[in-house]
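Take a look at the structure below.
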Amino acid sequence: MRETPYIVGDTPTDKKWPSRALVELSNLYSDRLLELAANAPQPGRLAAPDASARKVSRVCGSLIEVDLVVEGGVVTAYGQAVSACAIGQASAAVVARNIVGTEAAELRALRAQMVSMLKEGGAPPEGCWADLGWLAPVRDYPARQPSALLVFDAVVEALDKLESSQALPADA
């Protein structure tokens, strides 16, 4: 008789298959989230950005570098280099797909909405940003939240650098 495989830490006497940890992870890493990460646009870095920022997650080591060109308060070009977990890749993929043509103020509000969604149970973004809703299960994993927010933190830092160097209004 062939034994049923169990997750490390589970024993046949636990009578758990799949383990609770596996079910929880499958809720976190949904097929759609993994699809977003796997099919992420790869815009590469910009040769002459107006501002750049680099963020690293202390928890998992995920890294993202972003480049922005902003004209009249609107992002007109975007570049990124991403070395991240699936959560960070999915988040960066949605941003890369939608950021060009977005106003700086909307990007700041988007970051605030992501923080609210992940840390306070707030509503997910809508419209072209709706795929960020697939990151909502991250709210149950506080240690993973910085990975989901990494790209937003980098974009806002780049906008801050740009504002301080070009006096772009904070509410632009």
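Just so you know, all these numbers are worked out from the coordinates, no wet-lab data involved. Just so we're clear, the structure is a prediction, and the values are computed from it rather than from any experiment. In this analysis, Cβ positions are derived from the backbone assuming ideal geometry, glycine residues included, and neighbour counts consider all displayed protein chains.
Our summary of shape: the Cα atoms of the stretch 32-164 have principal axis extents of 38, 26, 25 Å, ordered from largest down, in whole angstrom.
Given +1 on the Cβ of Lys and Arg, -1 on the Cβ of Asp and Glu, and no further charges, what dipole in debye does the stretch 73-172 carry about its Cα centre, rounded to the nearest 20?
Working: 7 positive and 11 negative charges, 54 e Å.
So the dipole magnitude of the stretch 73-172 works out to roughly 260 debye.
The simple Förster model, with R0 at 30 Å and r as the Cβ-Cβ distance, assigns GLU35 and ALA105 a FRET efficiency of 0.50.
Listing THR76, THR102 from fewest to most neighbouring C-beta atoms within 10 Å gives THR76, THR102.
The slack in the chain from ALA112 to ARG54, taken as 0.36 nm per residue of separation less the alpha-carbon distance, amounts to 19.0 nm.
Given a Förster distance of 30 angstrom, what is the FRET efficiency for ALA123 paired with ALA47, based on the Cβ-Cβ distance and rounded to 0.05? Calculated value: 0.20.
Suppose we take every Cα in the stretch 67-112 and form the convex hull; what volume per residue is that in Å³?
Values: hull volume 2.9 nm³, N = 46.
With only Cα atoms used, the stretch 67-112 gives 64 Å³ per residue.
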